[in-house]
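The values are calculated or read from the model by the stated rules, or taken from the named source; none is laboratory data. None of the values given here were measured: they were computed from a predicted structure. Neighbour counts are summed over all protein chains in view; Cβ atoms, including those assigned to glycine, are modelled from backbone coordinates with ideal geometry.
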Amino acid sequence: KKDHSLKQKIDLECFECEYRSRSVNAWQAHLRRKHSTTPNLAGCILRCECGTETVSFDHSQKCEISNTTVIRNGNKPIRRLTDLAVADVPCVYPQCEAYPKTAIAYVKHLYDHHKSTLTANGVYLKCSCGLKVRHATHYVHHKECDGRTYTMHRLDGE
């Protein structure tokens, strides 16, 4: 497995300014700090020299070539982190005042603070991208869409 911090042979170019970096981590940090966005929110497609196109950098950890070019997917406006609606889903425990900001944080909160799970409480979380989150194995999903807009549903109401 390759390390994300490894430098590429070609520059990752920012699509909003002159910034360039060969470090994936530095490029993503630049997008967050300077432009308040992520590759996914900005509608980026990542094209590897091997021909693979993806929306996450997971491919670069597996590919032997792992030289990625950033391409904007169409001319849609760039979405910003500030555009995302933060979920207003309270904890399933009435005495708890937590409102976790992401679906995965919700799963982690239930386990860490209540030693419980979504399934044990008869609920699942549905992300705005359509993914149903029932347990903590959906961390890859969190990386791809940020998982910040979700609703709670009863398991028996599927």
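Determine if the stretch 113-130 includes at least one residue that is part of a helix (DSSP H, G or I), modelled with pLDDT under 75 and within 30 Å of F15 (Cβ to Cβ). For the stretch 113-130, residues part of a helix (DSSP H, G or I), modelled with pLDDT under 75 and within 30 Å of F15 (Cβ to Cβ): absent.
Only residues that are charged (D, E, K, R) and either at pLDDT below 90 or closer than 13 Å to N67 by Cβ (or both): list them for the stretch 17-29, please. Lay out the reasoning, then the answer.
Filtering the stretch 17-29 down to residues charged (D, E, K, R) leaves 18, 20, 22.
The one that is charged (D, E, K, R) and either at pLDDT below 90 or closer than 13 Å to N67 by Cβ (or both): R22.
Report the residue count in the stretch 13-61 for those that are outside any loop (DSSP other than H, G, I, E, B), more than 19 Å from the chain's Cα centre (by Cα) and in contact (Cβ under 8 Å) with a residue 12 or more places away in the chain. Before you say what the answer is, go through the steps one by one.
Going through the stretch 13-61, the residues outside any loop (DSSP other than H, G, I, E, B) turn out to be 13, 20-21, 24-35, 44-48, 53-54, 58-61.
Add one more test, that the residue is more than 19 Å from the chain's Cα centre (by Cα), and what stays is 13, 20-21, 48.
With the extra rule that they be in contact (Cβ under 8 Å) with a residue 12 or more places away in the chain, the set shrinks to 13, 48.
Number satisfying all stated conditions: 2.
What number goes with the only condition from (1) in contact (Cβ under 8 Å) with a residue 60 or more places away in the chain; (2) surrounded by 15 or more Cβ atoms within 10 Å (Cβ to Cβ); (3) out of contact with any strand residue (DSSP E or B) (no Cβ under 8 Å at 6 or more places or on another chain) that S66 does not pass? The failed condition is (3).
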